[in-house]
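Undergrad: Submitted below is the structure of interest, expressed as structure tokens.
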Amino acid sequence: MYVMVVGETITATGDINGDGRVTSADATFLARYIVGQDVYLLCRYAADLNGDGNVCIADLILLSRWLAGHNVTVVRREVN
Ligand SMILES: [Ca+2]
Ligand SMILES: [Ca+2]
């Protein structure tokens, strides 16, 4: 599995809540962030699944399709 290191936190693309797995909880977390609820993104790169530099509904759609088992392309970037 590809991981990225941000400070002392290790997180993978799609693991938005940082629990080490990519699950529907991450989609819920991302949805809460997008609608402006008070959540903190552990790692912005984990949430920017399409790699366009923004965290928005397009990333949530991509994550939802990924969780549903569709073949999706997720951008994985290394953070220095
Ligand atoms: Ca997770
Ligand atoms: Ca994005």
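Where a number appears in this text, it was derived from the coordinates with a stated rule and is not lab data. This one's a predicted model, so the numbers in the text were calculated from it and none came from an experiment. FYI the Cβ positions are ideal-geometry reconstructions off the backbone, even for glycines, and counts take in every protein chain you see.
Undergrad: Within region 46-62, track down each residue that is within 16 Å of ligand 1 (Cβ to nearest atom) and surrounded by fewer than 17 Cβ atoms within 10 Å (Cβ to Cβ).
TA: Passing the criteria: none in range.
Undergrad: Give the residues of region 27-49 that are free of Cβ contacts under 8 Å to residues at least 40 places away in the same chain and in a helix (DSSP H, G or I), sorted by residue number.
TA: Hits for region 27-49 are Thr28, Phe29, Leu30, Ala31, Arg32, Tyr33, Ile34, Arg44, Ala47.
Undergrad: Across region 20-35, which residue is nearest to ligand 2 (Cβ to nearest atom) among those that are under 12 Å from Ala46 (Cβ atoms) and surrounded by 13 or more Cβ atoms within 10 Å (Cβ to Cβ)?
TA: Across region 20-35, the extreme among qualifying residues is Leu30.
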